[in-house]
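Trainee: My questions will all concern the structure given below.
The values are calculated or read from the model by the stated rules, or taken from the named source; none is laboratory data. Not measured: the values here are computed from a predicted model. Positions of Cβ are backbone-derived with ideal geometry, glycine not excepted, and every protein chain shown enters the neighbour counts. Accessible surface areas use protein heavy atoms only, side chains included; no ligands, DNA or RNA. Shrake-Rupley method; radii C 1.70, N 1.55, O 1.52, S 1.80 Å.
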Amino acid sequence: MEIIHTDVLVIGGGLAGLRAALAARQRGHEVVVLSLVPAKRSHSAAAQGGMQASLGNSAKGAGDDEDVHFADTVRGSDWGADQEVARMFVHVAPKAVRELAAWGVPWNRVRSGPNDAIIDGRKVSIDEPAAAHGLITARDFGGTRKWRTCYVSDGTGHAMLYVVGDRAVAEGIAVHERMEAVSLIHDGARCHGAIVRRLTDGRLFAYVARATCIATGGFGRIYKVSTNAVINEGIGAAIALDTGVVPLANMEAVQFHPTAIFPAGILVTEGCRGDGGLLRDAAAHRFMPDYEPEKKELASRDVVARRMEAHIRAGHGATSRWGEHLWLDITLLGERHIAGRLREVKEICQHFLGIDPARQWIPVRPAQHYSMGGIRTDALGRAYGLDGLFACGEAACWDLHGFNRLGGNSVAETVVAGMIVGEAIADFCASERGELTVSTALIRAAHDRAAAEFAGLAAGLGAESAAPLLARMQSIMTERVGIVRHGDALQSAVDELQQLILRSRRLGLRSSRPGANPELTAAWRLQKMLKLAQCVAAGALQRTESRGAHYREDYPRRDDAGWLKRTLARWPAADATQPEIGYEALDVRRMELPPGWRGYGARDAIEHPDTAPRQAEIERLRAELAGAGRDALQDALLPFRHRLPPQLRGANARLGDPA
Amino acid sequence: MIRLFRKAPDSGRPRRLTASVLRHNPADPASAPHWQDFVVEEAEGMTLFIALNEIRATQDPSLQFDFVCRAGICGSCAMLIDGRPGLACRTLTRDLGERFTLAPLPFFELIGDLSVNTGKWLRGTAERLRTWVHAAGRPDLDALEERMAPELAEAIYELDRCIECGCCVAGCGTAQMRPDFIGAIGLNKIARFRLDPRDTRSDEDFYELIGDDDGVFGCMSLLGCHDVCPKQLPLQTQIAFLRRRMAALGF
Ligand SMILES: Cc1cc2nc3c(=O)[nH]c(=O)nc-3n(C[C@H](O)[C@H](O)[C@H](O)COP(=O)(O)OP(=O)(O)OC[C@H]3O[C@@H](n4cnc5c(N)ncnc54)[C@H](O)[C@@H]3O)c2cc1C
Ligand code: SF4
Ligand code: SF4
Ligand code: FES
């Protein structure tokens, strides 16, 4: 057994993992990053549209600040978000954009003078002030009251990941590629690292660390149609679940993106609609204003995706040999805009559909896109259940997004959480609790268990094979645990997933190729993915309300009185076929923004008894502290600054601040 | 009327495609490189991503290849398609003949079958060329960002679009002869940081990095790279420009 020691083990080389690694490294700790693929090929590279931060530089962003960003985020989350975390996030997001700018991200900039734009289907001219010329500009995204999404053409994630990835090289951070964490080394109370499998030859290694951070991204591949990369299988979350003590939170909160190209599921960015693109039906009718007269195409993603599916069900979808879809029309943006600002979209349309989006409409239909749920952590990224275990990025449920994430808030979360959680990791390593105390017997046992698991699979003579089981699971998830959910369908999904879990324990492999064996890898991952799928389905079945992306036809109202709580799924018994589900209440009395109407979508929530008193208290505090300044009011409503690392507490400068 | 998809070459019965794959498993001492044919039935809109996954799911579960984004964004899936470097995920089978060959990218270490270790080479190149903005001190995160002309930001992004797929290196004659040649990918990166005013390095500093035969002077300007770059980076103009600048410094 080969053992590798390090201070900090970061599992995941996407934006979140790399940024956390940098923070810990800058504090002097030795860091090793693991990744399934070369770090720059992580799925963060696929983020097209942009990153939200309330710089307020451009004319359409004027007046933006942390308060507006906070309110948009909480409303977007359908009040599922942790408001303290949301406050920390909106405060640090401008700093993150500015840090990335200094490191080399070529953010698009404000051009002073008249700029052509399309708003609500009409050509307009936006006059950018000379004072803002050359500062970072922003585009419109769904669910936001200001143009707040900073971008690099439509290659934002690529530009960010390359800068952060090269920064990690500059800091000498080791990235061990083609390595897959397959279990955590722990004693039920403290995490000591991970057992890791080298994908090129199947060898197992023990990585022993004082602190371990899971930043393995989303798990979209449990669905049949997903915008996610093929490596987004959620193994990081699954190995946390396997400990039996670490809970996954809000797994039923799954986002579907309105505009995935049909049928391949490849994303075209929300920037298409932000920049003025329209949704049309089979009759070429622009239907979104009929449902959402105010925000139209730019309501939040859950709302737009649901309206689209309903419109298709009402018989307005365009038909093709693969089924029904709708159209995204960006022809009105013009060739120049598309070639400059929506270039990836243009390439994707050319290569995968053979069309020119400046002339032809794009066939689209909502597809799985983002996992709001994940490893439950506190505001500093510390996982519940195991000391020394952290998580950040899409793999985590830090709970910035609640039941619906706003576009542009995710890549922002990766770097912001990386900055905050990386510091918390460094603090932990510097503290007494961060000392390494693991016994070799524990490491040996974890290693042997993983080795036995793979050997057992490789020698398995069962009649089942992984590929059809995987396909079946993906179909169940897309058909019965999708955009529109119903108790009966969810129950049948849970039942059938139980059967699949049992069948997945009777696999037989066809190949016994030495070295890397893709079939063995796939078989092993299937068992993990089935558990995640079951957490999603079971959580969705039990949540008898509709909130954000979780929509129950049989319970269409948001129920704050009964369901203002976070789902926590644990899997204590390895041979179980269902998770144990518990809940954690959200405290309305500590909310800065008590539950209300989002400003779009349905307006029929069942009120929480604490909402009215809290609202009255907030109004009283606002009146009392009217002259005391913004910071004093903030501290009275929801203090958060003390939770941030000292260097991230300062006020964010904006154009036009009083000198 | 909107025409959705490119016309299939022949409507009617789907074609039976034969993919001839160059296979080899270096981890297995008994393995020697050999061609193996796989037959798949073509489907509408089929890409090599779909075809190879179908082969792996139904015919040979041990076949190795790399896909991540399957959308032409991440640079994982470059291989020789009928002998020419390209991204497999965005290659439609309808643009290929009934019989085609797939082989791993040359130049990079072979992991197995169509999978090569570009990551190792790229990390080495990043360390060697120091591909990050060199600036003094830590930025002030509370202050307004430094201004940049919008056109300059766009010009930097134009060069920043490289996805490190390795196609250019695979298509480069110099790289086949000189294992330490930095390739068009490396030269483009230098051009990118040279253009960036946030990077304080001078032309003399860059000369130190690329002013030799493993750098800009090893390039024979045959432009195999330019033609195969899937992101259509302006490699030709960038390489020519760098050559002139570096030659002026060198003599
Ligand atoms: C097509 C697309 C477009 C998007 N566009 C936007 C956008 O415009 N704006 C926005 O805000 N958000 C966007 N998002 C969401 C956003 O990109 C992601 O949520 C975010 O990048 C996730 O980053 P991450 O660092 O958490 O994970 P990832 O970037 O997915 O990285 C995960 C890392 O973990 C590694 N890994 C996984 N499992 C293991 C394991 N078991 N062992 C070792 N390593 C492992 C992987 O190799 C990888 O390095 C988009 C998402 C998609 C799918
Ligand atoms: S011009 Fe020719 S020699 Fe130079 S990098 Fe390109 S392919 Fe290689
Ligand atoms: S320059 Fe072009 S061909 Fe070369 S690695 Fe970059 S994207 Fe690929
Ligand atoms: S799989 Fe990402 S470019 Fe082909």
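Trainee: Let's test the formula: R0 of 25 Å, r as the Cβ-Cβ distance of A:D290 and A:L332. What FRET efficiency results, to the nearest 0.05?
Mentor: 0.85
Trainee: To continue, here is another question. Would you compute, from DSSP H runs of 4+ residues alone, the mean residue ellipticity of chain A at 222 nm, taking -39500 (n - 2.57) per run and dividing by the full residue count, rounded to the nearest 500?
Mentor: Helix-only estimate at 222 nm: -10500 deg cm²/dmol.
Trainee: Put +1 on the Cβ of each Lys and Arg and -1 on the Cβ of each Asp and Glu in the protein assembly as shown; which of A:V85, B:A30, A:G562 then has its Cα farthest toward the positive end of the dipole?
Mentor: In the protein assembly as shown, that residue is B:A30.
Trainee: Quick query: amide H of A:I185 versus all other amide H atoms, modeled in the peptide plane; which residues come in under 5 Å with a sequence gap of 5 or more or a different chain?
Mentor: HN-HN under 5 Å from A:I185: A:H192, A:G193, A:A194, A:I195.
Trainee: Ignoring ligands, DNA and RNA, what percent of the accessible area of the range A:562-610 is carbon or sulfur (1.4 Å)?
Mentor: 47 percent
Trainee: Continuing with the same structure: Can you give the accessible area buried between chains B and A, summed over both chains, with a 1.4 Å probe, in Å² to the nearest 100?
Mentor: Buried surface at the B/A interface: approximately 6700 Å².
Trainee: Using the reciprocal of the averaged 1/r over all distinct C-alpha pairs, how large is the Kirkwood radius of the range A:164-298 in Å?
Mentor: 18.7 Å
Trainee: May I ask you to give the solvent-accessible area per residue for chain A, in square angstrom, as obtained with a 1.4 angstrom probe?
Mentor: 32 Å²
Trainee: Right, next: Calculate the translational D of the range A:265-312 in whole µm² s⁻¹ from Stokes-Einstein, where the hydrodynamic radius comes from the Kirkwood formula applied to all Cα pairs, the temperature is 25 °C and the viscosity 0.890 mPa s.
Mentor: 221 µm²/s
Trainee: To the nearest whole number, what is the average tally of beta carbon atoms from other chains within 10 Å of the beta carbons of peptide A:30-42?
Mentor: 4
Trainee: If DNA, RNA and ligands are ignored and the probe is 1.4 Å, what is the ranking of B:D66, B:D140, A:D302 by accessible area, most exposed first?
Mentor: Order by accessible area, largest first: B:D140, B:D66, A:D302.
Trainee: List the residues of the range A:153-181 for which accessible area in the full set of protein chains is at least 50 Å² lower than for the chain on its own; 1.4 Å probe, protein heavy atoms only.
Mentor: Buried on complex formation: A:H158, A:Y162, A:D166, A:V169, A:R178.
Trainee: Which percent of the accessible heavy-atom area of the range A:41-138 goes to carbon and sulfur, probe 1.4 angstrom?
Mentor: 49 percent
Trainee: Here's something else I'd like to know. Below 14 angstrom from the Cβ of A:G462, what's the summed charge of the other residues (Lys, Arg +1; Asp, Glu -1)?
Mentor: Result for the neighbourhood of A:G462: +2.
Trainee: Can I ask one more? Run through the DSSP bridge list for chain A and note the antiparallel percent, rounded to the nearest 5.
Mentor: Here the antiparallel bridges make up roughly 65 percent for chain A.
Trainee: What is chain A's relative contact order, in percent, from Cα pairs under 8 angstrom and six or more apart in sequence?
Mentor: Here the relative contact order equals 19 percent.
Trainee: How large is Rg over Rh for the range A:500-548, taking Rg from the Cα atoms and Rh as the Kirkwood inverse mean of 1/r across Cα pairs?
Mentor: 1.21
Trainee: For the protein assembly as shown, what's the radius of gyration and Dmax over Cα atoms, in angstrom?
Mentor: 26.3, 82
Trainee: Nearest 500 deg cm²/dmol is fine: what mean residue ellipticity at 222 nm does chain B get from its DSSP H runs of n ≥ 4 alone, each adding -39,500 (n - 2.57), divided by its residue count?
Mentor: -9500 deg cm²/dmol
Trainee: Compute the longest continuous run of chain A that contains no exposed chymotrypsin sites (Phe, Trp or Tyr not before Pro); treat a site as exposed when its DSSP state is not H, G, I, E or B and it has at most 13 other Cβ atoms within 10 Å.
Mentor: After excluding every exposed loop site, the longest remaining stretch is A:1-321.
Trainee: Next up: Give the Rg (one decimal place) followed by the Dmax (whole number) of the range B:118-241, computed from C-alpha coordinates and expressed in Å.
Mentor: Cα only, the range B:118-241: 15.1, 50 Å (Rg, Dmax).
Trainee: Further question on the same structure: I want to verify the translational diffusion coefficient of the range A:1-143 in µm²/s; compute it with Stokes-Einstein, Rh as the Kirkwood radius over Cα pairs, at 10 °C and 1.306 mPa s.
Mentor: 88 µm²/s
Trainee: Lysines within cross-link reach of A:K565: Cα-Cα under 27 Å, excluding same-chain residues under 8 positions apart?
Mentor: A:K528, A:K531
Trainee: Which whole-number percentage describes the relative contact order of chain B, with Cα contacts under 8 Å and a sequence gap of 6 or more?
Mentor: 16 percent
Trainee: Based on the Cβ-Cβ distance from B:A247 to A:A189, what FRET efficiency comes out when R0 is 41 Å, to the nearest 0.05?
Mentor: 0.05
Trainee: Give me the 1.4 Å probe accessible area per residue for the range B:1-126, excluding ligands and nucleic acids, in Å².
Mentor: Heavy-atom accessible area per residue stands at 43 Å².
Trainee: With r as the distance between the Cβ atoms of A:E435 and A:A628 and R0 = 51 Å, compute the FRET efficiency 1/(1 + (r/R0)^6) and round to 0.05.
Mentor: Here the calculated transfer efficiency is 0.70.
Trainee: As a quick test, which of the pairs A:K123/A:K146; A:K224/B:K231; A:K146/A:K346 have an alpha carbon distance above 23 angstrom in this structure?
Mentor: A:K224/B:K231; A:K146/A:K346
Trainee: Still on this model: Where a ≥ b ≥ c are the square roots of the eigenvalues of the C-alpha gyration tensor, would you call chain B rounded, which needs a/c under 1.5, or, failing that, prolate if a/b is larger than b/c, or oblate?
Mentor: Prolate.
Trainee: Next question. Ignoring ligands, DNA and RNA, please state the percent of accessible area on chain B from carbon and sulfur, probe 1.4 Å.
Mentor: Roughly 52 percent, rounded to a whole number.
Trainee: Would you kindly compute the Cα radius of gyration of the range A:110-184 and its largest Cα-Cα separation (Dmax), both in Å?
Mentor: Over the range A:110-184's Cα set, Rg and Dmax evaluate to 19.2, 56 Å.
Trainee: May I pose another question? Averaged over all directions, how much area does the convex hull of the C-alpha atoms of the range B:17-65 cover when projected, in nm²?
Mentor: Dividing the Cα hull surface by four gives the mean projection, 3.5 nm².
Trainee: Ok, one more. Classify the range B:162-222 as rounded, prolate or oblate from the Cα gyration tensor: take a ≥ b ≥ c as the square roots of its eigenvalues, call it rounded if a/c is under 1.5, otherwise prolate when a/b beats b/c and oblate if not.
Mentor: Oblate shape, in that a/c is at least 1.5 and b/c is the bigger or equal ratio.
Trainee: Check which residues have an amide H placed less than 5 Å from A:K565's amide H, if you skip close sequence neighbours.
Mentor: Here the answer is A:L586, since their amide H atoms fall under 5 Å of that of A:K565.
Trainee: Picking from A:L380, A:G393, A:V364, whose Cα lies most toward the positive end of the charge dipole for the range A:330-414 (charges on Cβ: Lys, Arg +1; Asp, Glu -1)?
Mentor: Of the candidates, A:V364 comes out farthest on the positive side.
Trainee: Ordering A:R433, B:R244 by how much accessible area each has at a 1.4 Å probe, largest first, what is the list?
Mentor: B:R244, A:R433
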